[in-house]
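Structure first, then comments.
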Amino acid sequence: MSCLQGYIHTSYNALVRVFGAPMRDGDKSSVEWCVDGKDVYIYDYKSFCPQNDTVFEFHVGGNDIRDVRAVITALRAAGEQVR
């Protein structure tokens, strides 16, 4: 089971360009991505992100801190800004 591993600061549009459209919305998040079908998730827990190029703090859930690094690496490899 995955749990919060860390945070990334990037935009909704950057996530869509790299990971595609969000897979769903939920009770406590307005958007969520599952990364490459793995147990790694990016989501906006209890704070609804602007769906544009505004930088926002997203949660990254997974099984290990390396999952956060993998998300950051994928965003940077695609030329997106992330911190």
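Of the residues that sit in the range 1-33 and are surrounded by fewer than 18 Cβ atoms within 10 Å (Cβ to Cβ) and among the hydrophobic types (A, V, I, L, M, F, W, C), which one is farthest from the chain's Cα centre (by Cα)?
Ranking the qualifying residues of the range 1-33, first place goes to 1.
Output the number of residues of the range 2-29 satisfying the condition of being out of contact with any strand residue (DSSP E or B) (no Cβ under 8 Å at 6 or more places or on another chain), free of Cβ contacts under 8 Å to residues at least 60 places away in the same chain and of a type in the set (A, V, I, L, M, F, W, C).
The number of residues fulfilling the criteria is 2.
If residue 37 passes every condition in (1) within 12 Å of the chain's Cα centre (by Cα); (2) on the phi > 0 side of the Ramachandran plot; (3) of a type outside the set (D, E, K, R) but one, which one does it miss?
(1) is the only condition that residue 37 fails.
Please determine, by comparing only the residues of the range 62-77 that are touching a residue at least 40 places away in the same chain (Cβ under 8 Å) and closer than 16 Å to residue 9 by Cβ, which one is surrounded by the most Cβ atoms within 10 Å (Cβ to Cβ).
Among residues in the range 62-77 that are touching a residue at least 40 places away in the same chain (Cβ under 8 Å) and closer than 16 Å to residue 9 by Cβ, the one surrounded by the most Cβ atoms within 10 Å (Cβ to Cβ) is 71.
Read the figures in this text as sums done on the coordinates, not as results from a lab. A quick note: this is a predicted structure, and the numbers were derived from the prediction, not measured. Glycine also receives a Cβ, built like all others from the backbone with ideal geometry; neighbour counts cover every protein chain displayed.
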